[in-house]
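Visitor: Here you go, one structure.
The values are calculated or read from the model by the stated rules, or taken from the named source; none is laboratory data. Only a predicted model underlies this, so the values are computations on that prediction, with no experimental measurement involved. We place every Cβ from the backbone using ideal geometry, glycine too, and count neighbours over all the protein chains shown.
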Amino acid sequence: MEEEPAPPEGPNDTGDAHREQGDPGDWSPGFNEYLLGGVIGLTLFSVVLTIGLYLIPRESIQIPELQEAARVAEVEDFPVGASRVITWGSEVILVVRSGSDEYDALQGTSSLDGCMLEWDPNSLRVVSPCNFLLYDLHGNVVRGLTTVPLHRYAVYVRQGTVYVSGM
């Protein structure tokens, strides 16, 4: 007697024909699909983050706790005799350009009452409009009811940009 040849094994014998044709009802993602999805998601997130950080102006992403200096202004945008008030974390700083290469940075609030200080280019003094205190560019009291000088900050220029440090 001759044996009958064994039927070929494949999708037709096992009843898996509907899976081979793409029936989504029995399909579930495995490890490779999750891994591929994670890699694609991470790549898309990285691209969006990179584009976002490129489009945001660099002034708005300064983090005081992580950076050693605060950016004040470009040198060409900061004329002699002008002043800028910047905030760096909780600090308010008054920066004055007193000469072509001379910059001074002082505490931007009065030590007596916390009033915002202003630069008076005519008298070359820092003025507290609340109590009429006068300070020189070194932070020393010239006139007023206090003897407490203002805190000074180091100022430097790097690649055409003025920075304040020493906080």
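Visitor: Just a yes or no: is a residue in the range 154-167 crowded, with 20+ Cβ neighbours inside 10 Å and free of Cβ contacts under 8 Å to residues at least 60 places away in the same chain?
Guide: No.
Visitor: Conditions first: (1) part of a strand (DSSP E or B); (2) surrounded by fewer than 16 Cβ atoms within 10 Å (Cβ to Cβ). Trp119 passes all but one, so which condition is the exception?
Guide: (2)
Visitor: Checking Ala70 against (1) in a loop (DSSP other than H, G, I, E, B); (2) modelled with pLDDT under 85, only one condition comes out false. Which one?
Guide: For Ala70, the exception is condition (1).
Visitor: Moving on. Based on this model, can you work out whether Glu33 counts as loosely packed, with under 10 Cβ neighbours inside 10 Å, farther than 24 Å from Leu117 by Cα and either modelled with pLDDT of 60 or more or small (Gly, Ala, Ser) (or both)?
Guide: Working: loosely packed, with under 10 Cβ neighbours inside 10 Å: no; farther than 24 Å from Leu117 by Cα: yes; either modelled with pLDDT of 60 or more or small (Gly, Ala, Ser) (or both): yes.
It is false that Glu33 is loosely packed, with under 10 Cβ neighbours inside 10 Å, farther than 24 Å from Leu117 by Cα and either modelled with pLDDT of 60 or more or small (Gly, Ala, Ser) (or both).
Visitor: Name the pairs: first residue in the range 97-125 and outside the structural domain of Gly144 (by TED's automatic domain parsing), second residue surrounded by fewer than 19 Cβ atoms within 10 Å (Cβ to Cβ) and not polar (S, T, N, Q), Cβ to Cβ under 9 Å, at least 6 apart or on different chains?
Guide: Short answer, once both residue conditions are applied: none.
Visitor: Looking at the range 87-110, which of the residues that are of a type in the set (Gly, Ala, Ser) and closer than 13 Å to Ser128 by Cβ is modelled with the highest pLDDT?
Guide: Taking the range 87-110 first, the residues of a type in the set (Gly, Ala, Ser) are 89-90, 98-100, 105, 108, 110.
From what is left, the residues that are closer than 13 Å to Ser128 by Cβ are 108, 110.
Values: Gly108: 90, Ser110: 85.
Among those residues, the one meeting the criterion is Gly108.
Visitor: Further question on the same structure: Take the range 141-167 and flag every residue that is under 15 Å from Leu106 (Cβ atoms) and over 19 Å from the mean Cα position of the chain (by Cα). Spell out how you get there, then give the answer.
Guide: Quick first cut of the range 141-167, residues under 15 Å from Leu106 (Cβ atoms) only: 141-142, 144, 146, 148-155, 162, 164-167.
Listed by number, the residues that qualify are Val141, Val142, Gly144, Thr146, Val148, Pro149, Leu150, His151, Arg152, Tyr153, Ala154, Val155.
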